[in-house]
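Only one structure is covered here, and it is reproduced in the block below.
The values are calculated or read from the model by the stated rules, or taken from the named source; none is laboratory data. Treat the numbers as computed from the prediction; the structure is a model and nothing was measured. Using ideal geometry, Cβ is built from the backbone for each residue, glycine included, and neighbour counts are taken over all protein chains shown.
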Amino acid sequence: MNSAARSELFRELPAVDQLLRTREVAALADSHGIAATTDAARAVVTRLREEIAAGWLDAPGLRLALDGVSQAIEAQLSRALSPSLRPLINATGVILHTNLGRAPLAQAALEHLRETAVRYSNLEFEVESGERGKRDVHVDRLFRKLLSPESSGVSTIVVNNNAAAVLLALDTLAEGAEVIVSRGELVEIGGSFRIPDVMAKSGATLREVGTTNRTRIADYEKAINERTRLLLRVHRSNFEISGFTEQPSLDELVALAHERGLPLMEDLGSGALVDLQTFGLHGEPGVPDSLRAGVDVVTYSGDKLLGGPQAGLLSGRADLIGRMRSNSLFRALRVDKLTYAALEATLLAYVKRDHSSIPTLKMMGLTKPEIGARAEALARTLGDSALKLRVEVVEGESVIGGGAAPSSVLPTRLLAVTPVGLSPDELSTALRKFEPPIIARVEEGRVLLDLRTVFPDQDSQIADALRRIA
């Protein structure tokens, strides 16, 4: 298309004010407001102008587009006024997928959150005495049942994530002093946040001991001096070191810390409240295990292996937790009633031993035959030869994700889809454009869907999406 033809098409584009005076668009302005409708009209006209400039629209194409301009403005309005945060289907097999929101909440957590959110609550009010209360009592009582059922020596407080928990603990226990930590534990978590950086923000001084692959208890002993206030152990939650390695046992660190009159803190990162060996996962420490071993303060996340809302949890000696609660930083990092409501309902499920009601634990507990049966059923529904897809069920592995159990996998069966006439990447893109979006893996020329992380009522949506795309 030559420049003269383009110029002619540009002249046919209506002005935004002209569009707003049409009956259809004026009705949209009455419903959605003049400002939002004006923005939508401007976006549609701009898009048409760009398509003309790129040579994608000729005269017939522009006339067709202008015939449906009011519908295009309505569609633009719908997109602009719809929430950006929306549900999707996680078919990756990564249970705690950080990019997809980590742990899905239990239904009971959602219900308790809703009833607490839409009415007033006793968040910081003692109903019996009529006096002001503390917001952390709602979950601390449950943590005591789960972490120290025989005694009242353990307390728990809640902040907004685990990085905040580490920051609060270090600021409280070691501001202006030294914290000893192994070089092999100076991890970087998601979003480029590093343990040394968090430590620096807390006002504590990092004192590294040992080497990347080998640290002995003697290294900690030699490093302790008059400025030492804390020994820190950081769980390698998102990587592992193998080969020529050495690391002091937790018992050795507990003994050394208590012999020298120092608190021992362990950053578990993920942190489970149940024995993960029942799910076939080994080597992933639990919060009760660390506290029973004598660790003074444990920090961990609420939305990982615990299966609750995003939160940073600090459990440990009541006197140390009390000092953190009194730290002015605690108020800056504390969570709101919605987090407490979701966390309380999740913990109640643990107290009742209703683990299957917590989606994270239920997904971890699914067996390969259970997942395989669903995958086979889905494959049968897609077995129509008219579909341009080759569908089969193959062996595979699911992972925990979220920086938990990096070396552990769960056996599963995968729905493997090989498209005809589309590349695997094109099929994956088409699935993401479906409503709700479906997120899958692409490996070895196939699109792989792991139903471990797909809720059963979503199986039919996956089948529908594949049929429409094919």
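Listed here are the residues, each with its yes/no results for (1) among the β-branched types (Val, Ile, Thr); (2) without any contact (Cβ under 8 Å) to a residue 12 or more places away in the chain.
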| site | (1), (2) |
| --- | --- |
| Thr22 | yes, no |
| Asp30 | no, yes |
| Thr37 | yes, no |
| Gly55 | no, no |
| Leu62 | no, no |
| Gly68 | no, yes |
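Quick one: Asn99 ticks every box in (1) free of Cβ contacts under 8 Å to residues at least 12 places away in the same chain; (2) over 24 Å from the mean Cα position of the chain (by Cα) except a single one, so which number is it?
Only one criterion is unmet by Asn99, namely (2).
Please verify whether segment 54-75 includes one or more residues that are under 24 Å from Lys304 (Cα atoms) and loosely packed, with under 15 Cβ neighbours inside 10 Å.
no
How about segment 272-301: which of its residues are of a type in the set (Gly, Ala, Ser) and closer than 25 Å to Leu231 by Cβ?
Ala272, Gly283, Gly286, Ser290, Ala293, Gly294, Ser301
Mind checking which residues of segment 129-186 are small (Gly, Ala, Ser) and within 20 Å of Thr346 (Cα to Cα)?
Ser148, Ser155, Ala165
Take residues that are closer than 19 Å to Ser78 by Cα and tell me which of the helices (runs of 4 or more DSSP H) falling wholly in segment 1-46 contain 3 or more.
16-20, 23-32
Going through segment 246-259 one residue at a time, which ones are small (Gly, Ala, Ser) and surrounded by 14 or more Cβ atoms within 10 Å (Cβ to Cβ)?
Ala255, Ala257, listed by residue number.
Regarding Ile371, is this residue in contact (Cβ under 8 Å) with a residue 24 or more places away in the chain, closer than 30 Å to Ala311 by Cα and surrounded by 14 or more Cβ atoms within 10 Å (Cβ to Cβ)?
For Ile371, the condition - in contact (Cβ under 8 Å) with a residue 24 or more places away in the chain, closer than 30 Å to Ala311 by Cα and surrounded by 14 or more Cβ atoms within 10 Å (Cβ to Cβ) - is not met.
If I ask for residues that are buried (at least 20 other Cβ atoms within 10 Å of the Cβ) and of a type in the set (S, T, N, Q), which ones from segment 139-187 would you list?
Result: Ser155, Thr156, Asn162, Thr172, Ser182.
Out of (1) farther than 30 Å from Gly401 by Cβ; (2) exposed (fewer than 12 other Cβ atoms within 10 Å of the Cβ); (3) of a type in the set (A, V, I, L, M), what's the single condition that is false for Leu85?
(1)
Suppose we filter Arg207, Arg236 for residues that are among the charged types (D, E, K, R), modelled with pLDDT of 80 or more, out of contact with any Lys or Arg (no Cβ under 6 Å at 6 or more places or on another chain) and not in a helix (DSSP H, G or I); which single one remains?
Of the residues listed, the single one that is among the charged types (D, E, K, R), modelled with pLDDT of 80 or more, out of contact with any Lys or Arg (no Cβ under 6 Å at 6 or more places or on another chain) and not in a helix (DSSP H, G or I) is Arg207.
Given the conditions (1) more than 21 Å from the chain's Cα centre (by Cα); (2) hydroxyl-bearing (Ser, Thr, Tyr); (3) buried (at least 20 other Cβ atoms within 10 Å of the Cβ), and given that Ser423 satisfies all but one, which numbered condition is not satisfied?
Of the numbered conditions (1) more than 21 Å from the chain's Cα centre (by Cα); (2) hydroxyl-bearing (Ser, Thr, Tyr); (3) buried (at least 20 other Cβ atoms within 10 Å of the Cβ), the odd one out for Ser423 is (3).
Out of all the residues in segment 83-134, which are within 30 Å of Phe434 (Cα to Cα), among the hydrophobic types (A, V, I, L, M, F, W, C), touching a strand residue (DSSP E or B) at 6+ places or on another chain (Cβ under 7 Å) and not in a loop (DSSP other than H, G, I, E, B)?
Those that are within 30 Å of Phe434 (Cα to Cα), among the hydrophobic types (A, V, I, L, M, F, W, C), touching a strand residue (DSSP E or B) at 6+ places or on another chain (Cβ under 7 Å) and not in a loop (DSSP other than H, G, I, E, B): Ile89, Val94, Ile95, Leu96, Leu100.
Looking at segment 79-95, I want the residues that are farther than 18 Å from Ser398 by Cβ and in the same structural domain as Asp457 (by TED's automatic domain parsing) and have a partner that is modelled with pLDDT under 90 and among the hydroxyl-bearing types (Ser, Thr, Tyr) with Cβ atoms under 9 Å, at least 6 apart or on another chain. Which pairs are those?
Going by the 9 Å Cβ cut-off, there are no qualifying pairs.
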